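Just so it is clear, none of the values below were taken in a lab; they were calculated from the coordinates. Only a predicted model underlies this, so the values are computations on that prediction, with no experimental measurement involved. Cβ sites come from the backbone with ideal geometry, for glycine too, and all protein chains shown count toward neighbours.
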Amino acid sequence: MDELTEEDFTIPPAKYEYLDHTADVQLHAWGDTIEEAFEQCAVAMFGYMTDLERVEMTQLHYVEAEGHDMESLLFHFLDELLFMFSAEPYIVAKKVKITKFDRANFKINAMALGEEFTIGKHTQNAEVKAITYSAMQILESSETQHPEIFVIVDI
């Protein structure tokens, strides 16, 4: 297991927003790199479910995801993190850090820092029921200043 550094506990500035959509919500995230955009999208998902200000980084969980293209990689990455929240012990992540991003083989290794979701300590906002491919966009080109991601989640 890797040793954690002080930087691992430093929360980067939020680079995401919520765009209203009927029974869904669209996560819009961006970053200086595609890795950061994926990380921000994951944090946006957790931030939609609970107030991340109340979450402490006391537990570390590792997730792995793979796909056959960038969209399926993003889908499976978010789905693994959603599963981490949906199964005992219901971990909510305040920070997600990708430790390996293999673009050639569409694989991600990441660590999620957070704690067990506790009613009373943490707010219960909308429940994210599923990740969808609906209108999913991963924008990274020379025209876009920063990579951007749009993902609709069922709530």
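Taking every DSSP beta bridge that has both ends in the chain, the antiparallel portion is near 95%. Here the contact order of the stretch 29-155, divided by its residue count and restricted to Cα pairs under 8 Å and six or more residues apart, works out to 32 percent.
Which of ILE138, ILE98, ILE119 ends up with the largest GNM mean-square fluctuation for the chain, with Cα atoms connected below 10 Å? In this elastic network of the chain, the residue with the biggest mean-square fluctuation among ILE138, ILE98, ILE119 is ILE119.
Structural size metrics of the stretch 21-154, computed from C-alpha coordinates, are Rg and Dmax of 14.1, 46 Å. The stretch 84-154: which GluC sites (Glu not before Pro) are DSSP loop and have at most 10 other beta-carbon atoms within 10 angstrom? Taking the stretch 84-154 and a limit of 10 other Cβ atoms within 10 Å, the loop GluC sites (Glu not before Pro) found are GLU143.
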